[in-house]
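The next block holds one structure in the form of C-alpha coordinates; read it before the comments.
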Amino acid sequence: MCRKLAIPLCIVATILSTSLFAGPREDLLTQYATAAKTETPTFSGFSAARGKTLHTHKFAGGKPDTPACTACHGENPRGAGRTLTGKDIEAVAASVTPKRYTDPAKVEKWFKRNCKEVLGRECTVLEKGDWLSYMLSQ
Amino acid sequence: MNIPYRPLALGLVALAFSAVVLQRAQAGGDDYFPPVVDPLVKEECGSCHIAFAPSMLPARSWQRMMGNLKDHFGDDASLDADTAARISSYLVTNAADTGGKRYSSKLLRGLAPNRAPLRITELPKWVSEHREVPAWEWKHKDVRTKANCVACHADAERGFYED
(Lines give C-alpha, C1' and ligand atoms only; values in the text may rest on other atoms or scores of the structure.)
Protein backbone atom coordinates (compact mmCIF):
# COMPACT_ATOMS: atom_id res chain seq x y z
CA MET A 1 0.00 0.00 0.00
CA CYS A 2 2.67 2.38 1.09
CA ARG A 3 4.89 1.39 -1.77
CA LYS A 4 2.10 2.06 -4.24
CA LEU A 5 1.82 5.58 -2.94
CA ALA A 6 5.52 6.25 -3.02
CA ILE A 7 5.87 6.70 -6.76
CA PRO A 8 3.03 9.20 -7.28
CA LEU A 9 4.19 11.04 -4.18
CA CYS A 10 7.63 11.27 -5.63
CA ILE A 11 6.29 12.68 -8.87
CA VAL A 12 4.17 15.23 -7.05
CA ALA A 13 7.15 16.22 -4.93
CA THR A 14 9.34 16.66 -8.01
CA ILE A 15 6.78 18.83 -9.76
CA LEU A 16 6.24 20.88 -6.64
CA SER A 17 9.91 21.40 -6.04
CA THR A 18 10.67 22.48 -9.60
CA SER A 19 7.80 24.95 -9.63
CA LEU A 20 8.41 26.19 -6.12
CA PHE A 21 12.15 26.53 -6.46
CA ALA A 22 12.35 27.68 -10.06
CA GLY A 23 15.30 30.08 -10.11
CA PRO A 24 15.76 33.23 -12.17
CA ARG A 25 17.19 31.19 -15.05
CA GLU A 26 14.13 29.01 -15.33
CA ASP A 27 11.93 32.09 -15.10
CA LEU A 28 13.87 33.71 -17.90
CA LEU A 29 13.62 30.63 -20.10
CA THR A 30 9.88 30.48 -19.44
CA GLN A 31 9.59 34.13 -20.44
CA TYR A 32 11.53 33.48 -23.62
CA ALA A 33 9.32 30.45 -24.37
CA THR A 34 6.16 32.49 -23.97
CA ALA A 35 7.54 35.16 -26.29
CA ALA A 36 8.72 32.52 -28.77
CA LYS A 37 5.22 31.08 -29.01
CA THR A 38 3.91 34.48 -29.95
CA GLU A 39 6.74 35.03 -32.42
CA THR A 40 6.40 31.60 -34.06
CA PRO A 41 3.11 29.73 -33.49
CA THR A 42 4.82 26.44 -34.45
CA PHE A 43 7.38 26.83 -31.62
CA SER A 44 7.90 23.53 -29.84
CA GLY A 45 10.59 24.21 -27.26
CA PHE A 46 14.19 25.38 -27.21
CA SER A 47 17.07 23.24 -28.37
CA ALA A 48 20.53 23.14 -26.84
CA ALA A 49 21.79 21.61 -30.08
CA ARG A 50 20.57 24.61 -32.10
CA GLY A 51 22.13 26.79 -29.41
CA LYS A 52 25.46 25.10 -29.96
CA THR A 53 25.25 25.71 -33.71
CA LEU A 54 24.43 29.36 -33.06
CA HIS A 55 27.36 29.65 -30.66
CA THR A 56 29.91 28.30 -33.12
CA HIS A 57 28.50 29.48 -36.46
CA LYS A 58 30.49 32.10 -38.36
CA PHE A 59 28.23 34.96 -39.39
CA ALA A 60 28.97 37.53 -42.07
CA GLY A 61 26.68 40.32 -40.86
CA GLY A 62 28.57 41.44 -37.82
CA LYS A 63 31.97 42.93 -37.20
CA PRO A 64 34.89 41.25 -38.99
CA ASP A 65 36.77 40.91 -35.69
CA THR A 66 33.96 38.89 -34.14
CA PRO A 67 32.38 36.55 -36.72
CA ALA A 68 31.23 34.06 -34.05
CA CYS A 69 30.48 33.96 -30.32
CA THR A 70 33.55 31.78 -30.01
CA ALA A 71 35.78 34.64 -31.25
CA CYS A 72 35.81 35.97 -27.69
CA HIS A 73 34.24 33.18 -25.63
CA GLY A 74 36.53 30.48 -27.04
CA GLU A 75 35.69 27.14 -28.63
CA ASN A 76 35.11 25.41 -25.31
CA PRO A 77 32.14 26.82 -23.36
CA ARG A 78 33.64 25.43 -20.16
CA GLY A 79 36.89 27.33 -20.67
CA ALA A 80 37.61 31.02 -20.13
CA GLY A 81 37.35 33.42 -23.04
CA ARG A 82 39.26 36.57 -23.89
CA THR A 83 38.10 39.93 -25.23
CA LEU A 84 39.92 41.64 -28.06
CA THR A 85 41.57 43.92 -25.53
CA GLY A 86 42.97 40.96 -23.63
CA LYS A 87 40.50 40.81 -20.77
CA ASP A 88 39.58 37.34 -19.53
CA ILE A 89 35.93 36.33 -19.78
CA GLU A 90 34.59 33.79 -17.33
CA ALA A 91 33.41 30.56 -18.92
CA VAL A 92 29.93 30.75 -20.47
CA ALA A 93 28.90 27.29 -19.24
CA ALA A 94 26.55 27.65 -16.28
CA SER A 95 28.20 24.74 -14.48
CA VAL A 96 31.58 26.48 -14.48
CA THR A 97 30.35 30.00 -13.68
CA PRO A 98 27.30 29.40 -11.48
CA LYS A 99 26.48 33.09 -11.02
CA ARG A 100 25.83 33.51 -14.74
CA TYR A 101 22.33 34.06 -16.16
CA THR A 102 20.78 34.86 -12.80
CA ASP A 103 20.21 38.54 -13.55
CA PRO A 104 17.77 38.82 -16.48
CA ALA A 105 18.65 42.46 -17.19
CA LYS A 106 22.31 41.55 -17.52
CA VAL A 107 21.51 38.63 -19.82
CA GLU A 108 19.44 40.91 -22.04
CA LYS A 109 22.14 43.58 -22.04
CA TRP A 110 24.77 41.16 -23.31
CA PHE A 111 22.51 39.49 -25.85
CA LYS A 112 21.76 42.91 -27.27
CA ARG A 113 25.39 43.97 -27.41
CA ASN A 114 26.94 40.73 -28.55
CA CYS A 115 24.29 39.74 -31.11
CA LYS A 116 24.79 43.11 -32.77
CA GLU A 117 28.52 42.58 -32.91
CA VAL A 118 28.46 38.99 -34.10
CA LEU A 119 25.28 38.76 -36.19
CA GLY A 120 24.91 42.42 -37.08
CA ARG A 121 21.37 42.42 -35.67
CA GLU A 122 19.54 41.65 -32.45
CA CYS A 123 18.90 37.98 -31.74
CA THR A 124 15.42 36.51 -31.98
CA VAL A 125 13.78 35.12 -28.88
CA LEU A 126 14.23 31.61 -30.32
CA GLU A 127 17.97 32.18 -30.70
CA LYS A 128 18.27 33.51 -27.16
CA GLY A 129 16.36 30.57 -25.70
CA ASP A 130 18.37 28.04 -27.69
CA TRP A 131 21.68 29.60 -26.73
CA LEU A 132 20.74 29.85 -23.06
CA SER A 133 19.55 26.22 -23.07
CA TYR A 134 22.88 25.18 -24.50
CA MET A 135 24.83 27.02 -21.80
CA LEU A 136 22.61 25.70 -19.01
CA SER A 137 23.24 22.19 -20.32
CA GLN A 138 27.00 22.69 -20.20
CA MET B 1 68.98 30.66 24.54
CA ASN B 2 69.00 34.38 24.72
CA ILE B 3 66.89 35.88 21.94
CA PRO B 4 67.78 39.53 21.24
CA TYR B 5 64.23 40.87 21.30
CA ARG B 6 65.08 44.52 21.19
CA PRO B 7 67.15 44.58 17.96
CA LEU B 8 64.62 42.22 16.41
CA ALA B 9 61.73 44.53 17.24
CA LEU B 10 63.67 47.56 16.03
CA GLY B 11 64.43 45.77 12.80
CA LEU B 12 60.77 44.94 12.26
CA VAL B 13 59.74 48.53 12.92
CA ALA B 14 62.31 49.75 10.42
CA LEU B 15 61.09 47.25 7.85
CA ALA B 16 57.45 48.24 8.33
CA PHE B 17 58.38 51.90 8.10
CA SER B 18 60.27 51.49 4.86
CA ALA B 19 57.42 49.43 3.40
CA VAL B 20 55.03 52.27 4.15
CA VAL B 21 57.41 54.83 2.67
CA LEU B 22 57.90 52.73 -0.44
CA GLN B 23 54.19 52.37 -0.90
CA ARG B 24 53.66 56.10 -0.45
CA ALA B 25 56.39 56.77 -2.97
CA GLN B 26 54.81 54.41 -5.46
CA ALA B 27 51.33 55.73 -4.85
CA GLY B 28 52.46 59.30 -5.31
CA GLY B 29 54.76 58.53 -8.22
CA ASP B 30 54.19 59.45 -11.85
CA ASP B 31 53.27 55.90 -12.72
CA TYR B 32 50.40 55.39 -10.35
CA PHE B 33 46.82 55.93 -11.48
CA PRO B 34 44.31 54.85 -8.84
CA PRO B 35 42.05 52.14 -10.24
CA VAL B 36 38.27 52.48 -10.42
CA VAL B 37 36.68 51.64 -7.08
CA ASP B 38 33.01 52.32 -7.83
CA PRO B 39 31.39 48.89 -8.40
CA LEU B 40 29.02 50.18 -11.08
CA VAL B 41 31.81 51.82 -13.07
CA LYS B 42 34.00 48.74 -12.61
CA GLU B 43 31.26 46.50 -13.94
CA GLU B 44 30.13 48.65 -16.86
CA CYS B 45 33.53 49.95 -17.96
CA GLY B 46 35.55 46.91 -17.05
CA SER B 47 33.86 44.02 -18.84
CA CYS B 48 35.36 44.40 -22.30
CA HIS B 49 38.60 46.16 -21.39
CA ILE B 50 40.23 47.07 -18.09
CA ALA B 51 38.34 49.82 -16.35
CA PHE B 52 40.71 52.63 -17.33
CA ALA B 53 41.65 54.97 -14.51
CA PRO B 54 39.61 58.19 -14.70
CA SER B 55 42.81 60.16 -13.97
CA MET B 56 44.17 59.15 -17.38
CA LEU B 57 41.97 61.54 -19.36
CA PRO B 58 40.72 65.07 -18.75
CA ALA B 59 37.10 65.60 -17.77
CA ARG B 60 36.26 66.98 -21.21
CA SER B 61 37.34 63.70 -22.78
CA TRP B 62 35.14 61.63 -20.45
CA GLN B 63 32.22 63.91 -21.17
CA ARG B 64 32.72 63.51 -24.89
CA MET B 65 33.00 59.74 -24.56
CA MET B 66 29.94 59.34 -22.36
CA GLY B 67 27.99 61.48 -24.82
CA ASN B 68 28.38 58.92 -27.57
CA LEU B 69 28.27 55.40 -26.16
CA LYS B 70 26.29 54.29 -29.19
CA ASP B 71 29.51 54.46 -31.15
CA HIS B 72 32.13 53.51 -28.59
CA PHE B 73 35.18 52.91 -30.77
CA GLY B 74 32.92 51.12 -33.24
CA ASP B 75 30.91 49.20 -30.65
CA ASP B 76 27.46 50.00 -29.35
CA ALA B 77 28.01 50.31 -25.61
CA SER B 78 24.77 52.16 -24.85
CA LEU B 79 23.53 52.23 -21.28
CA ASP B 80 20.33 53.44 -19.71
CA ALA B 81 20.38 57.17 -18.97
CA ASP B 82 20.60 56.78 -15.19
CA THR B 83 23.58 54.40 -15.29
CA ALA B 84 25.37 56.56 -17.86
CA ALA B 85 24.88 59.67 -15.72
CA ARG B 86 26.30 57.97 -12.62
CA ILE B 87 29.34 56.71 -14.51
CA SER B 88 29.86 60.10 -16.13
CA SER B 89 29.84 61.86 -12.81
CA TYR B 90 32.41 59.42 -11.36
CA LEU B 91 34.74 59.81 -14.34
CA VAL B 92 34.47 63.58 -14.44
CA THR B 93 34.97 63.94 -10.67
CA ASN B 94 38.16 61.83 -10.75
CA ALA B 95 39.50 62.98 -14.11
CA ALA B 96 43.08 63.98 -14.83
CA ASP B 97 42.31 67.69 -14.48
CA THR B 98 39.87 67.44 -11.57
CA GLY B 99 39.98 64.97 -8.63
CA GLY B 100 42.73 62.83 -10.12
CA LYS B 101 44.99 65.83 -10.70
CA ARG B 102 47.82 64.91 -8.36
CA TYR B 103 48.37 61.67 -10.26
CA SER B 104 48.19 63.11 -13.73
CA SER B 105 50.16 66.33 -13.81
CA LYS B 106 52.62 64.82 -16.28
CA LEU B 107 50.25 62.70 -18.35
CA LEU B 108 48.40 65.73 -19.69
CA ARG B 109 51.62 67.55 -20.57
CA GLY B 110 51.57 68.80 -24.15
CA LEU B 111 47.85 68.34 -24.58
CA ALA B 112 46.19 71.45 -26.00
CA PRO B 113 43.40 72.68 -23.71
CA ASN B 114 40.91 72.65 -26.58
CA ARG B 115 41.54 69.02 -27.41
CA ALA B 116 39.49 66.20 -25.86
CA PRO B 117 41.05 62.93 -27.03
CA LEU B 118 39.00 59.77 -26.57
CA ARG B 119 42.02 57.51 -26.52
CA ILE B 120 44.57 57.61 -23.72
CA THR B 121 47.03 56.46 -26.39
CA GLU B 122 46.61 59.80 -28.19
CA LEU B 123 48.02 61.82 -25.33
CA PRO B 124 51.41 63.27 -26.35
CA LYS B 125 52.92 62.04 -23.08
CA TRP B 126 51.59 58.50 -23.66
CA VAL B 127 53.10 58.51 -27.15
CA SER B 128 56.51 59.65 -25.92
CA GLU B 129 56.49 57.15 -23.03
CA HIS B 130 55.85 54.30 -25.48
CA ARG B 131 58.07 55.44 -28.35
CA GLU B 132 60.55 52.65 -27.75
CA VAL B 133 58.00 49.88 -28.12
CA PRO B 134 58.57 48.35 -31.57
CA ALA B 135 55.70 47.71 -33.97
CA TRP B 136 56.03 43.94 -33.82
CA GLU B 137 55.48 44.02 -30.10
CA TRP B 138 52.14 45.78 -30.52
CA LYS B 139 51.11 43.11 -32.99
CA HIS B 140 52.13 40.24 -30.69
CA LYS B 141 49.27 37.82 -30.12
CA ASP B 142 49.23 38.57 -26.42
CA VAL B 143 49.04 42.31 -26.98
CA ARG B 144 46.94 42.88 -30.13
CA THR B 145 45.76 46.35 -29.12
CA LYS B 146 47.18 49.37 -27.34
CA ALA B 147 44.20 49.18 -24.98
CA ASN B 148 45.64 45.98 -23.51
CA CYS B 149 47.72 47.66 -20.80
CA VAL B 150 48.04 44.51 -18.68
CA ALA B 151 49.87 42.67 -21.46
CA CYS B 152 53.02 44.58 -20.43
CA HIS B 153 52.06 46.38 -17.22
CA ALA B 154 51.33 43.38 -15.02
CA ASP B 155 50.05 45.54 -12.19
CA ALA B 156 47.92 47.91 -14.31
CA GLU B 157 44.68 46.79 -12.76
CA ARG B 158 45.98 47.86 -9.36
CA GLY B 159 47.02 51.19 -10.82
CA PHE B 160 50.78 50.69 -11.25
CA TYR B 161 52.35 51.40 -14.63
CA GLU B 162 56.00 51.86 -13.73
CA ASP B 163 57.20 48.69 -15.49
message: Averaging the inverse of every distinct alpha carbon separation and then flipping it gives the Kirkwood radius. What is it for the range A:23-137, in angstrom units?
response: 14.3
- prompt: Going toward the positive end of the dipole of the protein assembly as shown, with +1 on Lys and Arg Cβ and -1 on Asp and Glu Cβ, which of A:ALA48, B:GLY46, A:GLY120 do you reach last?
  reply: A:ALA48
- request: State, as an integer percentage, the relative contact order of chain B based on alpha-carbon contacts under 8 Å between residues 6 or more apart.
  value: 25
- request: Identify all aspartates and glutamates with a Cα-Cα distance to A:LYS63 below 18 Å; exclude those on the same chain that are fewer than 8 residues away in sequence.
  value: A:GLU117, A:GLU122, B:ASP71, B:ASP75, B:ASP76
task: Return the average number of partner chain Cβ atoms within 10 angstrom of each residue Cβ along peptide B:146-152.
output: 3
Largest-first principal axis extents, alpha carbons of the range B:116-163, Å: 30, 26, 18
field: Distance (nanometres) between label positions extended 7 Å along Cα→Cβ at A:ALA33 and B:SER47
entry: 2.6
query: In sequence order, what are the phi-derived ³J(HN,Hα) couplings for the range A:85-99 according to the Karplus relation 6.51 cos²θ - 1.76 cosθ + 1.60 with θ = phi - 60°, rounded to whole Hz, with x for glycine and proline?
result: 8, x, 8, 5, 10, 4, 3, 7, 5, 4, 5, 8, 10, x, 7
message: Taking each residue in A:77-90, count the Cβ atoms of any other chain within 10 Å of its Cβ, then average. What number comes out?
response: 4
- prompt: Want the number for B:LEU8 to B:LEU118: 0.36 nm per residue separation, take away the alpha-carbon distance, what's left?
  reply: 34.3 nm
query: Quick one: in the protein assembly as shown, what % of C-alpha pairs are over 30 Å apart?
result: 49
statement: With a 24 Å threshold on alpha-carbon distance, the violating pairs from A:LYS37/A:LYS128; A:LYS99/B:LYS42; A:LYS109/B:LYS141; A:LYS52/A:LYS106; A:LYS99/A:LYS128; A:LYS112/B:LYS146 are A:LYS109/B:LYS141; A:LYS112/B:LYS146
query: Under unit Cβ charges (Lys, Arg +1; Asp, Glu -1), what dipole magnitude, rounded to 20 debye, does the protein assembly as shown have relative to its Cα centre?
result: 180
- line: Rg from C-alpha atoms of chain B, normalised by the globular rule of thumb 2.2 N^0.38 Å, equals 1.29
query: What whole number of Å gives the distance from the Cα centroid of the range B:148-163 to the Cα centroid of the range A:59-126?
result: 26
- prompt: Applying 1/(1 + (r/R0)^6) with R0 = 22 Å to the Cβ-Cβ distance of B:GLU162 and B:LYS101, what FRET efficiency is obtained, to the nearest 0.05?
  reply: 0.70
field: For chain B, calculated [θ]222 nm from helices alone, where every DSSP H run of n ≥ 4 adds -39500 (n - 2.57)
entry: -12000 deg cm²/dmol
field: Estimated FRET transfer efficiency when R0 is 22 angstrom, pair B:ASP142-A:THR97 (beta carbons, to 0.05)
entry: 0.40
task: For B:GLU129 paired with A:SER44, estimate the spin-label separation in nm (one decimal), with each label point 7 Å from Cα along the Cα-to-Cβ line.
output: 6.1
message: Given a 1.4 Å probe and heavy atoms of the protein chains only, how would you sort B:VAL143, B:VAL133, largest accessible area at the top?
response: B:VAL133, B:VAL143
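The values are calculated or read from the model by the stated rules, or taken from the named source; none is laboratory data. What you are looking at is a predicted structure, and each value in this text was computed from that prediction instead of being measured. FYI the Cβ positions are ideal-geometry reconstructions off the backbone, even for glycines, and counts take in every protein chain you see. Accessible surface areas use protein heavy atoms only, side chains included; no ligands, DNA or RNA. Shrake-Rupley method; radii C 1.70, N 1.55, O 1.52, S 1.80 Å.
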